[in-house]
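Before any comments, here is the structure.
The values are calculated or read from the model by the stated rules, or taken from the named source; none is laboratory data. Since the structure is predicted, the reported quantities are computational estimates derived from the model, not experimental observations. Backbone-built Cβ (ideal geometry, glycine too); neighbour counts: all protein chains shown. Please note that ligands, DNA and RNA were not included when accessible areas were found on the heavy atoms of the full protein model with its side chains. Shrake-Rupley method; radii C 1.70, N 1.55, O 1.52, S 1.80 Å.
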Amino acid sequence: MQMQHKIKFGRWESIALILNLICTKIFLYFNRLTVEDAGTAGWLMTVFTCAVTLLAYSLLIWMYKKFEGKDILDIAGIAGGKILKAITGFALGGVLVVLAALTMREYSEDIKIISLPTSPLSYVMFFFIAGMVTASYLGVESIVRHNAIITPIIAAGYVLILLGAIPRADLTNLMPILGTGLKDIVLKGLYRTSIFVELIVLFMLPPFLGSYKEVRSVGFISIGLSSFFLVMGSLSYILVFPYPASLELFLPVFNMATLIRIGRFFQRIESLFVFIWVMSALLYLATVFFFAVYTFSKAAGLKYSRPMIIPFAIIVFSIAFIPLNLMSVIEIHTNIINSWGWIAVFVLCGLIMVAAGLRKQGRREKKGK
């Protein structure tokens, strides 16, 4: 995996990549999280969160216009030289490593509960590690192409689950319409923009995409589609499961799938959920792990990042065992990653672009004089 940008891929592949990264959390905890934050208005909070994210991305992509073809590390290099580039790379790469470790642990714990109750946790995690390492050795082009093929299948399966749950929906579950109050919708909706923390990967894609227009459209379309699935998921969950019983359910989408009955022959639809769930997990982990290695290697100035794959796999595997249990992982995801991740995406990237823009302007003024 040489550090170069001769590989190019198109708009749809990039959209599928970002879409799966953002929406994977729907299969884990997202729908229940919205109910915990705003009660029966969890879906309204999600609408507000997605709207704020679109506005924040609009501002970032407007600032990015001056740096066409450069990723966030290149922009950090313009702003503060190699030192700031290294600091930015290690910070963003660290976030991606933690995301990979926590998500892998959560998926492995959930699979143990649903399908492999007697298997050791390390045994389940080994298969995810093997998939991540294999995908990283195959390279970014292979990861992106697989996302372009499999993400539509995952989306179609998820939509079928939502449609199958419609007979169980009850409009009275939406009352009171403002849930726990407008204050929770606004305040908690603001810091839940952290559910889009995987947009870090989007700001690593420009060298592979090329033009500014491509980067801009990929961002808006992927955020728009993700917002649709996030809002529909939260709304469906609230319609099917009354509050406060909806606070107690483990794996919200899985529980929705268990309720689906279509005649005598179409039952146990949750098997479809497990299928799309594991596919989404493998794509997510492979993508996040690859870009974590890529980011660290580029920040360190390495020409080749392939030798870093196995050491980073061991690091991710080790970090995944730090939380004591599944509840600890969920608490870290909820209270840290999904509460403060917006700092890495919007604040850090925004400040770097502002600093780089000011420095470029200063250089032009010196040249003019």
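A Cβ distance below 8 Å, combined with a sequence gap of six or more or placement on separate chains, defines the contacts here; from segment 323-350, residues that are modelled with pLDDT of 90 or more reach residues that are surrounded by fewer than 14 Cβ atoms within 10 Å (Cβ to Cβ) in the pairs 350/59. Take the residues in segment 9-19 that are modelled with pLDDT of 90 or more and small (Gly, Ala, Ser), then tell me which one is farthest from the chain's Cα centre (by Cα). Looking at residues that are modelled with pLDDT of 90 or more and small (Gly, Ala, Ser), I get 14.
For segment 35-51, the set of residues classified as open to solvent by 40 Å² or more (accessible area, probe 1.4 Å) and touching a Ser or Thr at 6+ places or on another chain (Cβ under 7 Å) consists of 43 only. Helices (runs of 4 or more DSSP H) fully within segment 98-194 that include at least 1 residues being within 28 Å of residue 246 (Cα to Cα) and open to solvent by less than 20 Å² (accessible area, probe 1.4 Å): 140-164, 182-191. For segment 51-60, the criterion of being in contact with a Leu (Cβ under 6 Å, 6 or more places away or on another chain) and touching a residue at least 12 places away in the same chain (Cβ under 8 Å) is met by none of the residues.
Rundown of residues vs (1) assigned to a helix (DSSP H, G or I); (2) among the polar types (S, T, N, Q); (3) at pLDDT 90 or above, yes/no style:
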position: 7; (1), (2), (3): no, no, no
position: 21; (1), (2), (3): yes, no, yes
position: 34; (1), (2), (3): yes, yes, yes
position: 41; (1), (2), (3): yes, no, yes
position: 45; (1), (2), (3): yes, no, yes
position: 51; (1), (2), (3): yes, no, yes
position: 59; (1), (2), (3): yes, no, yes
position: 80; (1), (2), (3): yes, no, no
position: 84; (1), (2), (3): yes, no, yes
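Screening 136, 217, 222 for residues that are touching a helix residue (DSSP H, G or I) at 6+ places or on another chain (Cβ under 7 Å), of a type in the set (Ser, Thr, Tyr) and within 26 Å of residue 306 (Cα to Cα) leaves exactly one candidate, 136.
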